[in-house]
1. With the checklist (1) of a type in the set (Gly, Ala, Ser); (2) over 27 Å from the mean Cα position of the chain (by Cα); (3) closer than 30 Å to Thr540 by Cα in hand, flag the one item Ser238 doesn't pass.
2. Any residue at all in region 418-432 that is within 26 Å of Arg491 (Cβ to Cβ), in contact with a helix residue (DSSP H, G or I) (Cβ under 8 Å, 6 or more places away or on another chain) and charged (D, E, K, R)?
3. Find the residue count for region 331-349, including only residues that are outside any loop (DSSP other than H, G, I, E, B) and either under 27 Å from the mean Cα position of the chain (by Cα) or touching a residue at least 24 places away in the same chain (Cβ under 8 Å) (or both).
4. Of the residues Ala26, Ala14, which is over 23 Å from the mean Cα position of the chain (by Cα), under 24 Å from Gly282 (Cβ atoms) and either buried (at least 22 other Cβ atoms within 10 Å of the Cβ) or small (Gly, Ala, Ser) (or both)?
5. What number of residues in region 399-421 are surrounded by fewer than 18 Cβ atoms within 10 Å (Cβ to Cβ) and farther than 17 Å from Ala386 by Cβ?
6. For region 65-93, enumerate the residues that are more than 17 Å from Pro10 (Cβ to Cβ) and among the charged types (D, E, K, R).
7. Of the residues in region 471-488, how many are of a type outside the set (Gly, Ala, Ser) and part of a helix (DSSP H, G or I)?
Amino acid sequence: MHGIAMHGDPAMPADYTHLPYADPDAPKGGELVRAGLLTSFDSLNPYAITGRAADGLNEYYFPQMMARSWDEPFSLYGYVAETVMTPPDRSWVEFQLNPAAEWHDGTPITVDDVIFSMEILRDQGTPAKRRAYGKIVETERMGERGVRFTFEEGVDRETALLMGLMPVLKKEWWEGRDITQPFLEMPPGGGPYRIDSFEPGRFIQYERVEDWWGAELPYFNGQMNFGRLRYDFYRDESVELEAFKAGAFNYRIEFNPERWITAYDFPAAHDGRVTMMPAPHGRANGMRGFVFNTRRPVFQDPAVREALTYAFDFEAVNRAYLAGQYERIDSFFDNSELAATGLPEGAELALLEPYRDELPPEIFTEPPSLPTTDGSGNNRRNLRTAAEMLNEAGWIVRDGVRVNAETGEPLAFEILLSSAADERVALAFARNLDRLGVRTNIRTVDSSEYVARLDDFSFDMIIHRYAVSLSPGTEQYTYWGSRAAEQNGTRNYAGVQDPAVDAMIDEVINAVTAEELEAAVQALDRVLLAGHYVVPLYFTAQDYIAYWGDLGFVDHQPLYGHIATVDSWWRKE
């Protein structure tokens, strides 16, 4: 086929000419300048285990086998691979290369390059690529331009698509080099842009490749319109914002809705030179919240975890600190149809039924919900409920301190943070916990210590965001799987070890149709919510984009939002 979807068929037909969010008649030229996501970079090797690679290398410089549509949950279309073939069980995937595909120096992209790329990334690449490509048990050449990868028995359905996202490296140049290390040599590229100039720590600039071989591919028709792309790097977010206001760069995504309301009061935003564009999106939000480490004895009782959830007053925090711009997260897959709502029924109920005796009974009798307040800061009703629940769980108050009724052990824990920006939210939570007699200590540490403590689970509670897509897959094992709970370095920070959770993840991974996926994810969501592993925080279902000058884009709302499809924008002047 011309494309592949995680579930079902890709939305675009074989004879499609362009994506819905691209305009084939868009003018070419102009410059898009934005701030780098990191504060600096020291490498042009995005596949190294160490170092910080410059922005844009994966998106614009190195080619991939296939390219992702941002208007579908998880679909890929032809890029270096002209076609893709896989059996119903996806036990293998075969690609036929586009005969026009070539490197910037004019030499062809070959099957040798593809096989070499897989092998070097499998053996020396990042852990994620080693895991994905490590599932390959056989590689076969299929004619002059074909390659087939056969996977180990029982492989998940996502692996075929992960192979489609594989970057392609030029064997002649990379062979003999240590891919695990950062470097500033300029490797051969084959994408729509070449590196024009760069200065580590300051900027990197890309120039559009004239007569690029992939420009006429349906996927790229109407995309990659800017003549130059540039990333400037700032060491401080406040300095970055002031630089944008002064016109030092011309496109900015604001990740803080509160700052969007309060910090963009400047002349260019009033007279039209800068466009302020709030833009809704359909991305699944994921879960961000206070994560209980259930390996700690104090958090092993779900009733205690549920009681402490009542101490977080979202409405008061939103009003006092967040300019009222946020919504409460009430699902591990919020802002999507994958979120569990109402009571389980149909296929979802059928998945949960075998575990009815082990699951909390409210899963089957009550819709998932979180405690609410009037936002005044007076949280007495919820704190009273929390106190009653803690008393029933065996944690009583003595001399103003919540202690275990049998052992006298105080209910106390540390909230570990990596960002000072989270301190005020943690303090608001801690003040209400203190009213319950629960003692908390908030500690902010540098990033290296924070990562080290997460890797070996040496913390009581953290604030963490579990990113999800509209096509959840094997990452759910690392988030919630029982085996991951016992392996240092995974992201099962909550220490979840629940056979029902494992079974629901299996169903998610093995779902064939979109309907099967939806039922499985909703069942997983419901079980995780009932486990009270996280005190959910907040999110916004909008992106906040500001830009200088007159930019054009198609009047179509992409599923993943306009920030995902800026490559289809153009400059009108």
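1. Of (1) of a type in the set (Gly, Ala, Ser); (2) over 27 Å from the mean Cα position of the chain (by Cα); (3) closer than 30 Å to Thr540 by Cα, only one is false for Ser238: (2).
2. yes
3. Summing the residues that are outside any loop (DSSP other than H, G, I, E, B) and either under 27 Å from the mean Cα position of the chain (by Cα) or touching a residue at least 24 places away in the same chain (Cβ under 8 Å) (or both) in region 331-349 gives 3.
4. Result of the check over Ala26, Ala14: Ala26.
5. Going through region 399-421 one residue at a time, the tally reaches 9.
6. Of everything in region 65-93, just one residue is more than 17 Å from Pro10 (Cβ to Cβ) and among the charged types (D, E, K, R), namely Asp89.
7. Residues meeting the conditions: 7.
Matching residues to (1) closer than 21 Å to Glu475 by Cβ; (2) crowded, with 19+ Cβ neighbours inside 10 Å:
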{"residue": "Pro108", "(1), (2)": "no, no"}
{"residue": "Val114", "(1), (2)": "no, yes"}
{"residue": "Arg130", "(1), (2)": "yes, no"}
{"residue": "Glu153", "(1), (2)": "no, no"}
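The values are calculated or read from the model by the stated rules, or taken from the named source; none is laboratory data. Note that the structure is a prediction, hence the values are computed from the model and not measured. Cβ: placed from backbone, ideal geometry, glycine included. Neighbour counts: every protein chain shown. Just the protein is used for accessible areas: all its heavy atoms, side chains included, with ligands, DNA and RNA removed. Shrake-Rupley method; radii C 1.70, N 1.55, O 1.52, S 1.80 Å.
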